[in-house]
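The values are calculated or read from the model by the stated rules, or taken from the named source; none is laboratory data. What you see is a predicted model, and the numbers here were worked out from it, not measured in a lab. We place every Cβ from the backbone using ideal geometry, glycine too, and count neighbours over all the protein chains shown.
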Amino acid sequence: MHDPEHDIDARSATIWVVAGTLVLFLSLWVMVPIFVRVQETERASKVYQAPNTEYLDVHQAEVEFLKGGNPAKKDIDALVKQLAGK
């Protein structure tokens, strides 16, 4: 059966495919750098600038240890002065 109202026009179909492809790649060309920038910003705010609670806990424990919270109950500053005097 021949139905001229529903036939596919090759020229029109080709123009639609080419135009759709161009629009797709142009939108990707614009959106990918925006996505990468947002991803870097989120990574920086959530990973690089996030407080490191484990480091802070370990650092505080080390400071307490050096200020006399060790088994010998000696302060690091007093030991350095004692050793420098010898």
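Miscellaneous remarks
- Taking the listed residues LEU56, LEU26, the one that is out of contact with any Phe, Trp or Tyr (no Cβ under 8 Å at 6 or more places or on another chain) and in the same structural domain as ASP75 (by TED's automatic domain parsing) is LEU56, with no other qualifying.
- Close Cβ contacts (under 6 Å, 6 or more residues apart or on different chains) running from residues in segment 73-86 that are assigned by TED's automatic domain parsing to the domain that holds ALA61 to residues that are part of a loop (DSSP other than H, G, I, E, B) comprise ASP75/LYS67; ASP75/GLY68.
The rows are residues; the columns are (1) at pLDDT 95 or above; (2) surrounded by 10 or more Cβ atoms within 10 Å (Cβ to Cβ); (3) among the charged types (D, E, K, R); (4) in a helix (DSSP H, G or I).
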site: GLU5; (1), (2), (3), (4): no, no, yes, yes
site: VAL17; (1), (2), (3), (4): yes, yes, no, yes
site: LEU22; (1), (2), (3), (4): yes, yes, no, yes
site: GLU42; (1), (2), (3), (4): no, yes, yes, yes
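- Any chance ASP7 is acidic (Asp, Glu), touching a Leu at 6+ places or on another chain (Cβ under 9 Å) and on the phi < 0 side of the Ramachandran plot: no
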